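Asks: Before I ask anything, here is the structure I am working with.
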Amino acid sequence: MSVNHWVASELQTGYNTGMKRVKAVFPIFLLFILISVIILFFAQTPVTVGLQFITLPIQRLVFGMNFQPTNAPTSIQQLQEENNQLRVQLAQMQEMQKDNQALHDQFETTTPAPQKLLPADIVGTQQNALILDKGEEDAVHVGDVVVYKNNLIGSITRTTPHVALVTLLSDPSTSFTATTTKTSANGIVTSEDGGAIVFGNVVLTDKLEQNDIVETKGSMAVDGKGYPQQLIVGKIVSINKQASSLFQSAKLQSLVNLSQLRMVFVMN
Amino acid sequence: MLFVLLLFLIISIFLEGTLTSLPLVFLCLLCMTIILRDLRLFVAAFFSGIFLDAFALRPIGETSIFFLIVVLLVLLYQRKYEINTYPFMFIASFVGSLIYLLAFDYHGAFIEACASAVIAVLLLALIRYVDKQFAIAHF
C-alpha cells in the first residue's frame, strides 16, 4: 500500500469515527441535560445534602490552606488593631454619654448579647459573600445577622442543612438605617457597585465627621429578623457634601479586615 | 494530556468554589473542549457544574446546564471552523464568561470577563506547552 493510500484510508477512518461521534453528541447532551433538569427541579435537597458531605471538608481544607493567620503581627498591624479598638471604645463611650448611665450600668452587657451568638467557621468566599460551615441543622436561618465582636459583617441570605451564605455589606442589595455615634446623623447604608459601603441620604443639616463611627440604628421586624441596634458598620473615611444636593453621603470603611477572618458569629 | 486537563479542572473547581469569583471552571472546560473535542466532555461539564453549584451554594444543576450547552455549541462550531486558535479562545472565553457572570448575577461582569479572556489565552498556551513537553519526553 502506498503512503497516499494509507493516508486516504486513515482520513476515511477518522472521518467515519468523527461522524459517529457527531451523531452521538445530541443523545449524550440531551441525557445530561435531562439529568440536570431532574436534579434542579425534583431532587435538589437530597443531592445538595449528599454533595456537601464531600464539598464541605474540601472547602475547609482549601480555605484553611489559603488562610494565613498572622501569628506575629507587625507593629503596623498591632497599631491598626489598637486604633480600631480605641475607635470602638470611643464610640461606645459616646453612646453611653447620650443614654442614661444608670440604665447602662444595670445591663452592662456587650452588644450583641453573647448567648445569642453561634460561632461559625468561614469555609469559602464569593463575590460580596462568605460561606459558613453552619446551616439549617444548626438553627441558622435566612435573615440572621452575622457579626464579629460588635462589628456587623452581613446577613444570611441562603441556607442548606450544613452550609450558609452570608451576604456582606459590600453587596449592592445592602440597605438599612444607621446613625453616627458622635454627631447622631441619620442615614441609610447602601453599597455602590464597586463594593464601597456608603452612608447616604443624610440631610444637609446633619453633621458628618471624618473617622466618626457609623452604627446600626436598629430595624428589627416583628419576627425578630433584621439588624439590631448599635452594631458597628464602619468609620467614615470620606464625605461627599454639596450645597446643591438634597442629601450628603459618606464612604465607610469597615473596622474588620475580612481577609483575616476565620470565624464569625451568627445572631439567632 | 487528559490527566493534565482533568487536574486543571479539579483545581479550578476547588479555587472557584472557595476563593475566587472568576469563572475558572468555565475557562478550563473551554480549553478541554478545544483540545479534546470528545464526548467525554459532557461528563466533565455535568460533574464540574454539579460540584461547582454545591461549593457555591447555588441550586444544583443550573451550572451544569450552562456548561453542557457551551460544550455542545463549541463542538458544533468546530465542525465548520478551526477552534484551536488563540483568537477563538479569546472571543469564546470573553463572550461565554460575560454570559456566565451575568446569568449568575455577578457584579462587575465586564471587567471579570476581560480578565477571564486573558486568563483563558494564557491557560491555552500553558496547556499547549505542557502537551509539547509531554510529547518530547515520550518521543
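The values are calculated or read from the model by the stated rules, or taken from the named source; none is laboratory data. Please read all numbers here as calculations on a predicted model, not as lab measurements. Neighbour counts are summed over all protein chains in view; Cβ atoms, including those assigned to glycine, are modelled from backbone coordinates with ideal geometry.
Asks: Provide a single number: the residues in the range B:54-81 that are more than 7 Å from chain A (Cβ to nearest Cβ) and either touching a residue at least 12 places away in the same chain (Cβ under 8 Å) or in contact with a Pro (Cβ under 7 Å, 6 or more places away or on another chain) (or both).
Replies: 8
Asks: Does the range A:22-39 contain at least one residue that is among the charged types (D, E, K, R) and at pLDDT below 80?
Replies: Yes, because at least one residue in the range A:22-39 is among the charged types (D, E, K, R) and at pLDDT below 80.
Asks: Which residue, of A:147, A:202, A:214, A:140, is touching a Pro at 6+ places or on another chain (Cβ under 9 Å), modelled with pLDDT of 90 or more and away from chain B (no Cβ under 12 Å)?
Replies: Unique residue meeting the criteria: A:147.
Asks: Quick one: in the range B:17-28, which of the residues that are in contact with a Phe, Trp or Tyr (Cβ under 9 Å, 6 or more places away or on another chain) and in a loop (DSSP other than H, G, I, E, B) is nearest to the other protein chains (Cβ to nearest Cβ)?
Replies: B:21
Asks: Do we find that residue B:47 is of a type in the set (A, V, I, L, M, F, W, C), within 8 Å of another protein chain (Cβ to nearest Cβ) and farther than 26 Å from residue B:132 by Cβ in this structure?
Replies: Taking the combined requirement at face value, the residue does not satisfy it.
Asks: Going residue by residue through the range B:94-106, is there one that turns out to be more than 14 Å from chain A (Cβ to nearest Cβ) and either touching a residue at least 60 places away in the same chain (Cβ under 8 Å) or under 22 Å from residue A:62 (Cα atoms) (or both)?
Replies: Yes, because at least one residue in the range B:94-106 is more than 14 Å from chain A (Cβ to nearest Cβ) and either touching a residue at least 60 places away in the same chain (Cβ under 8 Å) or under 22 Å from residue A:62 (Cα atoms) (or both).
Asks: Something else now. Filter the range B:86-139 down to residues that are polar (S, T, N, Q) and under 15 Å from the mean Cα position of the chain (by Cα) and give me whichever is farthest from residue B:38 (Cα to Cα).
Replies: That would be B:116.
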